[in-house]
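As structure tokens, the structure follows; a few thoughts come after it.
The values are calculated or read from the model by the stated rules, or taken from the named source; none is laboratory data. Just so you know, these numbers come straight off a predicted model, no measurement behind them. Positions of Cβ are generated from backbone atoms using ideal geometry, with glycine treated the same way; all protein chains shown enter the neighbour counts.
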Amino acid sequence: MAALSLQKHINKQLYDKWDLAYLYTDKNLKVVEVSDGLTLYGYPEIPLGCEVEDYVDFMVGFDASTRVDLPLVESPSGITVAVNLIPSKRGLAIVFSNASHLAEQRQLLQQKANENELLLRQQRILTHRLEQASKELEGKNEALREAARLQNSFLSGVSHEFRTPLSSIIGYTNLLERETHNPDKNPEAYANCRSYLRAVKRSSKHILSLVENLLDHGKLDADQIVIRPKPCDLHEVFDDIRLLLSPLAGTKNVEFTLQTNFEPGCMVIADDSRLRQCLLNIVGNAVKFTDKGSVTLKAELNRELLSIEVIDTGEGISKDNLAKIRIPFFQVADTGKAGTGLGLTITEGLIELMGGELVIRSELHQGTQVSFELPMPLLEAEALAMPEPSIDIDQLKVLLAEDDSDIADLLVMLLDEQNIEVTHVSNGALALEASEHEQFDLILMDLHMPVMDGYQAMEAMQKGGNTVPVAVMSASNLSEDRLQAQQYGCAAYLTKPVEIEEILLLANQLTSEA
Amino acid sequence: MDKKKVCMVGDFSVGKTSLTQKFVNNVFSEQYLTTIGVKIDTAIVDETKLIVWDVAGRDSLSPINLSYLVGASGIALVADGTRPETVDDLHSIWDTVEKRIGKVPTVVALNKRDLPEWSVTPEQIQSLKERGWIVFETSAKEGVEVEGLFTQLCRLIQ
């Protein structure tokens, strides 16, 4: 007995020294002995004979034969303990020892290691992102260089485009000058002059279309193009394209076919001039790039939706070029065909503004199909019954304010031919004065003039109670200029170069309204 | 009352402790404090006392101590949805677990669903589901799907 008591004493000394605590259970995991130190780890007083898992949660799932070491377990007191489950013949010994020192050391090490690993991961991600950003920047730089290259190539292309018709104009006007110096005016000389003039007119119109393309592109970029739908004959638009492009197709022996499911007189609400511009570009390109075979323009109007398809049997477009042709100023290098590289960009922008989407399908040597759909409301029958205004402009009195003497002389001469009486003044102040002393039927007003510009003159006329319609003639086609002119009471806005037909039509409309 | 042991297992810093604390005590802390060894909590779910072993995560210094998993009735595999590699790791972690304790019911928590850096791919989720696991996209911070995760696990092991 004394030996057993001594042994227990020694055990207690050791248990106390190492903060050891223990539990003994029988084979059914019922508690048979509990050491004093267990309460130090936050476990409650455990009555003998009860099931161990009712007091020690972590024992759930274990049986009496489980031998396992649980090195770091947070005890209910918060002190980390090492737990060893030791099975024996009589049951299970569960031994607890204080492992808080080890846990603290591990905590410090592990926390740092894990935080470092998270930081390293973050660093790797940031480095990857930096590399990505750097690649993107490189890509953007490349795109900028490409844009600059295209811009340069565009500038040289445009100068070449301008130089060609200008050389033609200068050449033919020289010839005209020489012919008109010849005192012996025979029919052949007149015929020559007419031919030279036609060449001058053709070249001038070409320059004008170049300028208009450039302006349209600028305006599309600045969101300044406004679609102006109005009643128009849809068939007429397509017939115009046929009339304009059939001769060119004919000279190349390319068959041009127009297929529509609507008849002449099919009245719709659309911006016919913009639609014409788009079709002219797409079909014009098809004819331009087709050297044999055919170009077909199909148009179908169903349920107020216009579907257009242009199919050609031309060279087609390579995959690389197909991806680039919508880029402003881009031109396929090896075609040798003239152009600004803006037509398709403008067309695509206009189609989008009109509510459609341009689709291009093409393969090299397989031809090209271009298609788009536009909403196209039909014109109501009552609107169709509106009577056409009658034209009666004889004896009209017009005041022309224009500082450019060449344009003024030309207009005076053309209006005079129509029996229109014209008073010409060269600035806004003189126009104001003339309008106060004389009665006119129409005032044609340039905007940029010396002494007093067109805006100021119109403002003064408005204040003075002027009732004569004023039509502005300006080289600017910007919406803000139109808007400002309207604010000063302008009744119509014509963009230069103004054709005499436009003035006559306007004169008729304005004077009949008055 | 029936008592069941379940273990939270996964890589370090995926949110095992956060999910456990949100479920058991409805608390959440932004501060990261790595778990050493194991923390044991309890919760009552559907008349079952769940003994939740929140086991230290696997990291570069130490693997998961499989002794902690002995006697587990179910496993919640946890990954961090903003670290896709921790989702892939679940497959190898499970293989190790299965070798030690055999097949037990398992659910998956893809945690940190609230963070904008979430980058789990549909393919990753599909590969987890193909193993027969129910996948939860959880947010311990906002308490999203946390209860669903534990309730589902409890139903599987009951």
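For the stretch A:251-272, does any single residue satisfy the condition of being under 20 Å from A:I351 (Cα atoms), surrounded by 14 or more Cβ atoms within 10 Å (Cβ to Cβ) and either among the basic types (K, R) or outside the structural domain of A:G367 (by TED's automatic domain parsing) (or both)? Checked against the condition, which is being under 20 Å from A:I351 (Cα atoms), surrounded by 14 or more Cβ atoms within 10 Å (Cβ to Cβ) and either among the basic types (K, R) or outside the structural domain of A:G367 (by TED's automatic domain parsing) (or both), the stretch A:251-272 yields no hits at all. Here is a check on your reading of the model: is A:M452 modelled with pLDDT of 90 or more and within 30 Å of A:L220 (Cβ to Cβ)? When the stated conditions are applied, A:M452 does not pass them.
Per the listing B:A72, B:A140, the residue uniquely under 15 Å from B:K16 (Cα atoms), touching a residue at least 60 places away in the same chain (Cβ under 8 Å) and surrounded by 15 or more Cβ atoms within 10 Å (Cβ to Cβ) is B:A140. Residue count for the stretch B:75-101 satisfying the condition of being facing chain A (nearest Cβ under 10 Å) and surrounded by fewer than 16 Cβ atoms within 10 Å (Cβ to Cβ): 1. Taken together, B:S18, B:S29 contain a single residue that is at pLDDT 95 or above and at negative phi, which is B:S18. Taking the numbered list (1) out of contact with any helix residue (DSSP H, G or I) (no Cβ under 8 Å at 6 or more places or on another chain); (2) more than 10 Å from chain B (Cβ to nearest Cβ) in turn, A:Q107 passes all entries but (2).
Can A:F58 be described as closer than 16 Å to B:I40 by Cα, away from every other protein chain (no Cβ under 12 Å) and not in a loop (DSSP other than H, G, I, E, B)? Criteria not met by A:F58. How many of the residues in the stretch B:134-155 are hydroxyl-bearing (S, T, Y) and closer than 23 Å to B:Q31 by Cα? The total comes to 2.
Scanning the stretch B:1-33 for residues that are out of contact with any strand residue (DSSP E or B) (no Cβ under 8 Å at 6 or more places or on another chain) and of a type in the set (A, V, I, L, M, F, W, C), we see that the one that is surrounded by the fewest Cβ atoms within 10 Å (Cβ to Cβ) is B:V27.
Suppose the filter is at negative phi and outside the structural domain of A:V32 (by TED's automatic domain parsing); does A:L109 pass it? Against the criterion (at negative phi and outside the structural domain of A:V32 (by TED's automatic domain parsing)), A:L109 qualifies. Number of residues in the stretch B:22-33 that are of a type in the set (D, E, K, R) and in a loop (DSSP other than H, G, I, E, B): the value is 1.
Would you point out the residue of the stretch A:79-95, among those that are polar (S, T, N, Q) and touching a residue at least 12 places away in the same chain (Cβ under 8 Å), that is nearest to the other protein chains (Cβ to nearest Cβ)? Selected residue: A:T80. Assuming A:A492 fulfils every condition listed in (1) modelled with pLDDT of 80 or more; (2) over 22 Å from A:E212 (Cβ atoms); (3) buried (at least 17 other Cβ atoms within 10 Å of the Cβ) apart from one, which condition is it? The failed condition is (2).
One line per residue, one yes/no per condition, for (1) more than 9 Å from chain A (Cβ to nearest Cβ); (2) without any contact (Cβ under 8 Å) to a residue 24 or more places away in the chain:
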residue: B:K5; (1), (2): no, no
residue: B:S18; (1), (2): yes, no
residue: B:K22; (1), (2): yes, no
residue: B:I40; (1), (2): no, yes
residue: B:R58; (1), (2): yes, no
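Any residue that is part of a strand (DSSP E or B) and in contact with a Phe, Trp or Tyr (Cβ under 6 Å, 6 or more places away or on another chain) - is there at least one of those in the stretch B:128-137? No, the conditions are met nowhere in the stretch B:128-137. Take A:D233 and tell me if it is free of Cβ contacts under 8 Å to residues at least 40 places away in the same chain and in contact with a Cys (Cβ under 7 Å, 6 or more places away or on another chain). For A:D233, the condition - free of Cβ contacts under 8 Å to residues at least 40 places away in the same chain and in contact with a Cys (Cβ under 7 Å, 6 or more places away or on another chain) - is met. Taking the conditions (1) assigned to a helix (DSSP H, G or I); (2) at pLDDT 75 or above; (3) over 16 Å from A:T495 (Cα atoms) in turn, A:E212 satisfies each one other than (3). Counting only strands (runs of 3 or more DSSP E) that sit completely within the stretch A:405-514, those holding 3 or more residues that are within 24 Å of A:K205 (Cα to Cα) and in contact (Cβ under 8 Å) with a residue 24 or more places away in the chain correspond to A:442-446, A:470-474.
To keep it simple, each residue is scored yes or no on (1) at pLDDT below 90; (2) within 9 Å of chain B (Cβ to nearest Cβ); (3) under 59 Å from the mean Cα position of the chain (by Cα); (4) farther than 30 Å from A:Y196 by Cα.
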{"residue": "A:T66", "(1), (2), (3), (4)": "yes, yes, no, yes"}
{"residue": "A:S77", "(1), (2), (3), (4)": "no, no, no, yes"}
{"residue": "A:L119", "(1), (2), (3), (4)": "no, no, yes, yes"}
{"residue": "A:K140", "(1), (2), (3), (4)": "no, no, yes, yes"}
{"residue": "A:A147", "(1), (2), (3), (4)": "yes, no, yes, yes"}
{"residue": "A:Q151", "(1), (2), (3), (4)": "yes, no, yes, yes"}
{"residue": "A:L166", "(1), (2), (3), (4)": "yes, no, yes, no"}
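Evaluating A:E357 against the criteria (1) modelled with pLDDT under 85; (2) loosely packed, with under 12 Cβ neighbours inside 10 Å; (3) outside any helix (DSSP H, G or I) leaves one unmet condition, (1). One residue alone among B:I51, B:I36, B:I64 is assigned to a loop (DSSP other than H, G, I, E, B), within 11 Å of chain A (Cβ to nearest Cβ) and buried (at least 18 other Cβ atoms within 10 Å of the Cβ), and that residue is B:I36.
Picking from residues in the stretch A:13-55 that are among the acidic types (D, E) and more than 14 Å from chain B (Cβ to nearest Cβ), the one that is surrounded by the most Cβ atoms within 10 Å (Cβ to Cβ) is A:D19.
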